[in-house]
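Peer 1: Below are the structure tokens for one structure; questions will follow.
The values are calculated or read from the model by the stated rules, or taken from the named source; none is laboratory data. Small disclaimer: the values here were computed from a predicted structure and weren't measured. All Cβ positions, glycine included, derive from the backbone under ideal geometry; neighbour counts span all protein chains shown. Calculation scope for accessible area: heavy atoms of the full protein, side chains included, ligands and nucleic acids excluded. Shrake-Rupley method; radii C 1.70, N 1.55, O 1.52, S 1.80 Å.
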Amino acid sequence: MHFEYSRMRRLLAYFNPIARLGNKHYSILLSTTITLLFMISIEIYAHIIAKDPEVVGLPALFIFPPLIIYFSFRDGIRGGIAATIVTVIYYGYIINTGNITPAEKSTQWETAFILGLIYLILAYIIGWLKQTIDIHIEQETDLGRRLQAIVEQLPVGVIITNSSGQVMLVNKQLEDMLHIQIPYGYHILRNNTFSALQPLAKTLKTGKTVTDLEKTVNREGKSLTVKVHTSAIHNKEGKVIAVASIIHDITQQKELEIRKDDFINMASHELRSPLTSMKLYLEVLENLTEQYHDKRVTTTLTSIKDQTERLQDIVNDLLDVSRLHTGKMIIEKEILRIDQLVFQVVEELQVTIQHHAITIVRIQPLTVLADKVRISQVLTNLITNAAKYSPGGTPIEIAVEKKDVYVSVQVTDYGIGIAKDQHKKIFDRLYQVTDSQEKTFPGLGMGLYISKEIIKLHKGTIGVRSTKGSGSTFYFRIPLFS
Ligand code: ADP
């Protein structure tokens, strides 16, 4: 039954000139044969059924022009001209065999000649139109094929739908990656059950671009991490004509990152214990050498202690970065007076920061629900940065104020400042400003990233206001406890 149906469809498509648009196979044989068949049928009708050879004139006049139009449209100029030639020959045959006077004959020949000319022009124009359309379709198909070839070469999965969500193009990488088969014409909005294609459905509905969305998808029981980017393609008038989605398998990359984080975590833990011991032994050594009152020994020991502390800070930062990345940073909140905490931190830091006067310019008694150690860490980072990036020994000013339902803590310095385009980036992981002036300051770019994440875990915000060359104000806000 199915076989019959498809055969029928193929047969209809063979005769349907619209279905053959783009098909450059132009047949002369079919147009000649069919026109001849019509001619024979008319003759049979006239001689056997009507038994009057004179009746052929009218059908011949009405049947052949549509045939010429049909074959010009189906088989181009060639098909149209072949049908015209057969028609004109038949017209000649009718005139010659007709029972008419020589004068009538010559008039009929004239008419046949004019009709033949009109048919020829008609066949040429329609045939030419058909062939031009075919060339355009071929070019478009070529473009489509080229696009398909490029898309097939890409190392990522690609799927393109039209504006109503029907799949126009899908590459093998996508099908292999997700172990799915998406047929051409598959309707994303009606059938979408694949979670990796949900961003595509979203863009189809909203027109909004989805960038770098990480998704965990299930592939035959295995979990796969993919990065999805989806965007709408517009025409010149801004109308959405297609939507494309690029899907990237980042499972291996993710696994590698996890292994890297595990390694950093382990290495930092391993480094921490010998460093703590070193610091303890240094204190012992300090006590032992105190009796000699040798300045060189004391300064050397102080330098070793400072460097050990610096190493400890780096190791602790590394540990925090890996904890944050793996979601293992623990925040232990308690009700505390932020103003008192700020006083305490400033007092402690002023001992080590000797070249800058740290002044509290505004302060209010305010209570928050926060992790004391972590908030101190953020404040310490902001104040040490303020000192580090102010080589001239300029003052550092602290302000603690209520802002709506938040506590705002500000650290202002009059140092080198930060260019506007760097304001957001400096809070990224391992980001450091790399201009010639900044390069002279040591650091690994972890402090502000850790601070930002700690403040985020307190449901707060952190930011900077700064102008290059005239200093910076770093601030963070966390909710007030009420
Ligand atoms: P680190 O100081 O270890 O490089 P941070 O994450 O603390 O890392 O800071 C990131 C970058 O932001 C620094 O490299 C520096 O370029 C810039 N920065 C931070 N604080 C200041 C400041 N107070 N003044 C000028 N630049 C700053």
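Peer 1: First compute the accessible area of the chain with a 1.4 Å probe, then give the percent of it belonging to carbon and sulfur atoms.
Peer 2: Ligands and nucleic acids excluded, carbon and sulfur give 60 percent.
Peer 1: Let's test the formula: R0 of 41 Å, r as the Cβ-Cβ distance of LYS172 and PHE113. What FRET efficiency results, to the nearest 0.05?
Peer 2: On the way: r = 61 Å, r/R0 = 1.48.
For R0 = 41 Å, the calculated efficiency reads 0.10.
Peer 1: Within the stretch 237-327, which GluC sites (Glu not before Pro) sit in a loop by DSSP and count at most 13 neighbouring Cβ atoms inside 10 Å?
Peer 2: Loop-located and lightly packed - GLU237.
Peer 1: Suppose the chain between GLU140 and THR211 were pulled fully straight at 0.36 nm per residue; how much longer would it get relative to their current alpha carbon spacing? All intermediate terms of the calculation are to be shown ahead of the outcome.
Peer 2: On the way: separation 71, 0.36 × 71 = 25.56 nm, distance 2.97 nm.
Extending this stretch completely gives an extra 22.6 nm.
Peer 1: Is the stretch 2-145 rounded, prolate or oblate when judged by the Cα gyration tensor, a ≥ b ≥ c being the square roots of its eigenvalues, rounded requiring a/c under 1.5 and prolate requiring a/b larger than b/c?
Peer 2: Oblate is the answer for the stretch 2-145, as a/c is 1.5 or above yet b/c matches or exceeds a/b.
Peer 1: Want the number for SER273 to THR473: 0.36 nm per residue separation, take away the alpha-carbon distance, what's left?
Peer 2: Using 0.36 nm per residue and subtracting the Cα-Cα distance, I get 68.4 nm.
Peer 1: Oh, and also: Kindly rank 388-397, 207-216 from highest to lowest mean number of other beta carbons found within 10 Å of each residue.
Peer 2: 388-397, 207-216
Peer 1: Run the 1.4 Å probe and let me know the accessible area of ILE44, rounded to the nearest 10 Å².
Peer 2: 80
Peer 1: Next question, about the same structure. Solvent-accessible area per residue for the chain at a 1.4 Å probe radius, Å²?
Peer 2: 60
Peer 1: In the neighborhood of ASP413, defined by Cβ-to-Cβ distances under 11 Å, what is the net charge if each Lys or Arg adds +1 and each Asp or Glu adds -1? Please report the intermediate quantities before stating the final value.
Peer 2: Details: positive: LYS388; negative: GLU397.
Local charge sum for ASP413: 0.
Peer 1: I would also like to ask the following. Could you pull out the trypsin sites (Lys or Arg not before Pro) across the stretch 26-91 that fall in loop regions by DSSP (anything but H, G, I, E, B) with no more than 10 other Cβ atoms inside 10 Å?
Peer 2: Filter output for the stretch 26-91: LYS51.
Peer 1: For MET8 and ASP428, what does the FRET efficiency come to when R0 = 51 Å and r is the distance between their Cβ atoms, rounded to the nearest 0.05?
Peer 2: Numbers: r = 64 Å, r/R0 = 1.26.
According to the calculation, E is roughly 0.20.
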